[in-house]
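Structure first, then comments.
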Amino acid sequence: MEDEVVLLDFWPSSFAMRVKIALGEKGIKYKCKQEDLFNKSPLLLEMNPIHKKIPVLIHNGKPISESLIILQYIDQVWNHKSPLLPSDPYQRSQALFWADYIDKKIYGIGRRVWMGKEDQEEAKEELMQCLKTLERELGDKLYFGGQNIGVVDVALVPFTTWFYSYETCGNFSIEAGCPKLVAWAKRCKENYRSVSEALPHPLQIYEYVMELKKRLGLV
Amino acid sequence: MAESNVKVLGTWASPFVMRVKIALHLKSVLYEDVEEDLLAPKSELLLKSNPVYKKIPVFFHAHSPICESLIILQYIDEVWTTSASSILPSDPYERSQSRFWAAYVDDKFFPALRRLLIGATEEDKKAALAEVVEGTVVLEGAFGELSKGKAFFGGDNIGFVDIALGSLLGWIEVIGKQCETKLVSEAKTPRLVQWADCFSAHEAVKDVLPDVDKLADFGLKLRAKILKGLAPTN
């Protein structure tokens, strides 16, 4: 029996990119359905009635929402290759801690940076602090997952396509403050096809951000 | 089963700490209880063991600290597997649903509850109350789906979602009394009302339930501290 895997996607979404990377790493064939977040499809509303958000993974008709929950599901079901989580419970707890930290911080703070309102300076400082914290956690490792990418790498790397937008809207350099993190992002894209294929070009994200800002009356 | 290296840094009033203790009770794991005073400056131990958030609970196993209550619960479930009670289901899909609803409690329900507790104006409180009540109705629906006719979200035994939501029952009662309304009502959420009774009476839970009057008193002090802009955010 063939597995039916569908991803409800929105191409600029860092959360959806995480799922694409994971599916790519595991070699899973899936159908990608683009959603218009200003005009959500009946399928999305049916599959995620509580939050009405993407990404949603639909596996043989059953929906799973929330990207980190989806990653853990994918890792458990398709456990034949490319483990995303360590097998040791303590290492696992640390990986989940950092993935959760990225969830709590990066999207919200990044948004305040590109929106460019009165709190932008504060948001820039907070963003740099978070990225520096993550850079310290990376340390001298090749990847957060060690020798190979793991859940923390997958959780964070999509946001790096947004760095150009944060930097341009905020007029600052992330590489200047976090050179090791930027190098790590390059390494992920160069060595992992699942990453380079899932991440749109930073300029495409920037174009999207500018369109969104116009729509929100911010430019 | 006695474990010499198991410690919980927390406070009697915190629902997040309560979650960890319930999980340890379920697994029959003995632990050292270290009390952190939420109304006082943060202790050295807390600042050292949770430098990122500086919040309780912090769980120590063989001196290694683990933070964030739901992550701690998963750790406990993975390490102590000899007990009959599994906190998360083994089926991947059911596991994902348990995680989803626990995340809902933490990301949607709890923040609304907190806003209701610390609401500075009548308007704030009214808006928060509506959100909380809506949340209980959503959770009533989730209970129907997950319990499959049994007593708990976890089925026959208490599980991840039971612990995540059940740990809030003390505060739900206190905040409800403050608003002069039953937040988990017979009218809107009859199954949750029944579940709350079963949960509170459970062996692993009843000894860590906070005294409601003591909690109400603490709630007033905490609210005052938060409104002064000095407080911790859990």
Those residues that are within 19 Å of A:SER194 (Cα to Cα) and either exposed (fewer than 12 other Cβ atoms within 10 Å of the Cβ) or among the basic types (Lys, Arg) (or both), I need them from segment A:17-62; list them, please.
A:ARG18, A:LYS20, A:LYS26, A:GLY27, A:LYS29, A:LYS31, A:LYS33
Scan A:SER14, A:SER65 and give me the residue that is of a type in the set (Ser, Thr, Tyr), crowded, with 20+ Cβ neighbours inside 10 Å, closer than 21 Å to A:ALA155 by Cα and touching a residue at least 24 places away in the same chain (Cβ under 8 Å).
A:SER14
Please state which one of B:LYS126, B:LYS214, B:LYS225, B:LYS177 is surrounded by fewer than 17 Cβ atoms within 10 Å (Cβ to Cβ) and either touching a Phe, Trp or Tyr at 6+ places or on another chain (Cβ under 9 Å) or not in a helix (DSSP H, G or I) (or both).
B:LYS214
For B:ASP162, which of the numbered conditions (1) charged (D, E, K, R); (2) in a loop (DSSP other than H, G, I, E, B); (3) under 14 Å from the mean Cα position of the chain (by Cα) fails to hold?
(2)
Of the residues in segment B:195-232, those that are without any contact (Cβ under 8 Å) to a residue 24 or more places away in the chain and under 21 Å from B:ILE163 (Cα atoms) come to B:ASP197, B:ALA201, B:LYS206, B:ASP211
From the options B:PRO89, B:PRO51, residue that is in contact (Cβ under 8 Å) with a residue 24 or more places away in the chain and either within 14 Å of another protein chain (Cβ to nearest Cβ) or open to solvent by 30 Å² or more (accessible area, probe 1.4 Å) (or both):
B:PRO89
Could you give every pair whose Cβ atoms fall below 6 Å, whose first residue belongs to segment A:77-96 and is facing chain B (nearest Cβ under 9 Å), and whose second residue is among the hydrophobic types (A, V, I, L, M, F, W, C) and open to solvent by less than 30 Å² (accessible area, probe 1.4 Å), counting only separations of at least 6 or pairs across chains?
A:ARG92/A:LEU85; A:SER93/B:ILE66; A:SER93/B:ILE71; A:LEU96/B:ILE71
When segment B:136-194 is examined, which residues are found to be of a type in the set (D, E, K, R) and without any contact (Cβ under 8 Å) to a residue 24 or more places away in the chain?
B:LYS148, B:LYS150, B:ASP156, B:GLU180, B:LYS182, B:GLU186
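The values are calculated or read from the model by the stated rules, or taken from the named source; none is laboratory data. Computed from a predicted model, the values in this text were never measured in an experiment. Backbone-built Cβ (ideal geometry, glycine too); neighbour counts: all protein chains shown. These accessible areas exclude ligands, DNA and RNA; they are computed on the full protein's heavy atoms, side chains included. Shrake-Rupley method; radii C 1.70, N 1.55, O 1.52, S 1.80 Å.
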